[in-house]
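Worksheet: the structure to be examined is printed underneath.
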Amino acid sequence: MNPADTAFVLVSAALVMLMTPGLALFYGGMVRSKNVLATIMQNFILLGVVGVLWAIYGYSLAFGPDVGHFIGNLDWVGLAGVGAEPFKAYSETIPHQTFMIYQAMFAIITPALITGAWAERMKFSTFLVFMVLWSTIVYNPVAHWVWGDGGWLKNLGALDFAGGTVVHINAGIAALAAALVMGPRKGYAGYGNGAEAFIPHNLPMTVLGAGLLWFGWFGFNAGSALAAGALASSAFTATHLATCAAVLSWVGTEWIARGKPTTLGAASGAVAGLVAITPAAGYVGPMSAIIIGLVAGIICYLAVLAKVKLGYDDSLDVVGVHCVGGVVGAMLTGLFATKLVNPAGGDGLFFGNPGQLWIQAVAVGVTLIYSFVVSFILFKVLDATMGLRVTPEEEMAGLDISEHQETGYSM
Amino acid sequence: MKKIEAIIQPFKLEPVKEALHGLSVQGMTVTEVKGFGRQKGIREVYRGMEYQVDFLPKVKIEIVAPADKVKIIVDTIVEKARTGRIGDGKIFVYPVAEVIRIRTGETGESAV
């Protein structure tokens, strides 16, 4: 046991916790003012819902003793046996309980990311049921495959330092399923030729949220080293540099493409960079990180534009930023990873190991398919039983009033 | 008595207010409003999505004054609020039937 490592991971857990309210502000600023509280609430309430589920059975399913390389068993239900003693397969230097509570924060923010896709139209009660089901049968198994002791993608050698696959691709593709099943917001008609304008009501709030996400992400990525040392420092540096680069490349691309550099573009670029560096953070050097950020900023910007042509209404661009950014990050990890940075990691294509790229592709492909198919079925079933959307009248009045009976701003 | 209603550019509120203070105008009411005139609105872009924004932010000033002071007040507002570009706004002058000060019940010009 190492007190420095324990302190570091506990502080990292607190940083990752702050990302969920940060995400709430990031999303909340982008919706119209009549939906600001409903959007914030769909993130904040997950601290409660997933936090409790995690302690009851989530942690056991995701990280508990392996069953068929697919899921953990129920030995650790109610956190039985998850205490002061380190669990050596995950970390030899921090209490098992510290690892568990750190992972709890990841389990909370991942479903929260999806909420951007259905913003401004989803029914709160159905949302809660969906989240319980999705956490249980999508997040927990996928986390087990990639991170759990005995998980099949971990055994395969897939590199995912802090959750590009488990968190971002997983949530991002579920967001696509949500947008497809749910259909567009009332009045949504794509490129400005529609009757209604979906203008963000408070971009300063969005930028504040992006700042909190960036700050918290140091806990997410550097904390994933699970020890206070050189690897954490390397992941921290890579995280920051990739994000800086993605801010520049997103804003630069839109400046060239549309004539103006935007604040929303800068905030979005930051998140795209953070997403893309997540799988790579502990495996790549600082210059590789800058390249990953530059690529992510450009590709995610183009992916966000593409949704209009593809015709689905992913309200807050969860697919374009998190799914596409996650895929970019996972694949570039297969190019730029090097054992010079992390001897316990692997080498990518540019460091003499072309096979890694294939393994990354398998992990990406399997996660895309599994999460999309299961999420799609969940949405269809809930649509037929509880109904996914509020009524058209409630949608027009705004979800703050219809779902929560309060308003964000009063005179 | 007349009511002068001026719709001006928000950033012109301060110079207009200062100049009207100089004329010893008794009081004014200011409201943040939105609207459009012949110039119509502007286009805004969010994550590549372009929207036509028809209503632009303006400030509405309302002043009630004796009829003989209307000309100098209007001239002052025109002078101070003008940039010479489209979107400078408009001034409307209306007759006022009655004024009542709520605190004392006074009516007419002394209540202004």
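Laboratory data are not the source of any read-out in this text; all were calculated from the coordinates shown. The shown structure was predicted, so the numbers you read here are calculated from the model rather than taken from an experiment. All Cβ positions, even for glycine, are placed from backbone atoms using ideal geometry, and neighbour counts span all protein chains on display.
Hey, what did chain B get for relative contact order, percent, Cα under 8 Å, at least 6 apart?
On the way: 176 pairs, mean separation 46.4, N = 112.
Across chain B, relative contact order equals 41 percent.
Which whole-angstrom value gives the distance between the alpha carbon centres of the range B:1-61 and the range A:75-150?
Cα centroid of the range B:1-61 versus Cα centroid of the range A:75-150: 51 Å apart.
When a footprinting reagent is the concern and you count Cβ atoms within 10 Å, what order do A:ARG185, A:ARG389 take, fewest first? Numbers along the way, then the final one.
Working: A:ARG185 21, A:ARG389 17.
Going from sparsest to densest Cβ surroundings: A:ARG389, A:ARG185.
Hydropathy at least 1.0 by Kyte-Doolittle, axial extent at least 30 angstrom from the Cα trace: which helices of chain A, defined as entire DSSP H runs, fit?
Values: long enough: A:3-28 (38 Å, 1.50); A:230-258 (42 Å, 0.88); A:286-310 (35 Å, 1.98); A:355-385 (45 Å, 1.53).
Helices meeting the criterion: A:3-28, A:286-310, A:355-385.
Going by how many other beta carbons lie within 10 Å of each one, how would you line up B:SER110, A:SER91, A:SER125, fewest first?
Numbers: B:SER110 9, A:SER91 21, A:SER125 12.
Fewest-to-most Cβ neighbours within 10 Å comes out as B:SER110, A:SER125, A:SER91.
Taking every residue in B:40-47, how many Cβ atoms of other protein chains lie within 10 Å of its Cβ, on average? Provide the component values of the computation, followed by the final result.
Working: counts 0, 0, 0, 1, 6, 8, 11, 17.
If you average over the peptide's residues, the count of other-chain Cβ atoms is 5.
Just how far, in whole angstrom, is the range A:362-392 from the range B:67-112 if you go by their alpha carbon centroids?
If you average the Cα positions of each part, the centres end up 61 Å apart.
Run the numbers on chain A and let me know its relative contact order in percent, using alpha-carbon pairs under 8 Å that are six or more apart. Can you show the working numbers first?
On the way: 879 pairs, mean separation 93.7, N = 411.
Relative contact order, chain A: 23 percent.
Highest mean first, how do A:328-337, A:49-58 rank when packing is the count of other Cβ atoms within 10 Å averaged over residues?
On the way: A:328-337: 26.9, A:49-58: 19.3.
Listed from highest to lowest mean packing, they are A:328-337, A:49-58.
What FRET efficiency do you get for B:GLU62 and B:THR83 if R0 is 35 Å and r is their Cβ-Cβ distance, rounded to the nearest 0.05?
Numbers: r = 22 Å, r/R0 = 0.62.
FRET efficiency, B:GLU62 to B:THR83: 0.95.
Among A:CYS300, A:CYS244, rank each residue by its count of other Cβ atoms within 10 Å, from fewest to most, as a rough exposure measure.
Working: A:CYS300 30, A:CYS244 18.
Placing the least packed residue first, the sequence is A:CYS244, A:CYS300.
Once the Cβ-Cβ distance between B:VAL70 and A:THR407 is put in as r, and R0 is 45 Å, what FRET efficiency do you end up with, to the nearest 0.05? Spell out each step's value before the answer.
Details: r = 41 Å, r/R0 = 0.91.
Once the sixth-power term is evaluated, E becomes 0.65.
With the Cα gyration tensor of the range A:3-404 giving a ≥ b ≥ c as the square roots of its eigenvalues, does the rule (a/c under 1.5 for rounded; else a/b larger than b/c for prolate; else oblate) give rounded, prolate or oblate? Don't skip to the end; give the middle numbers.
On the way: a/c = 1.69, a/b = 1.25, b/c = 1.35.
Taking the square roots of the gyration eigenvalues as a ≥ b ≥ c, the range A:3-404 is oblate.
Taking the alpha-carbon distance from A:LYS309 and a cut-off under 28 Å, which lysines remain once sequence neighbours fewer than 8 residues away in the same chain are dropped?
A:LYS34, A:LYS123, A:LYS186, A:LYS260, A:LYS380
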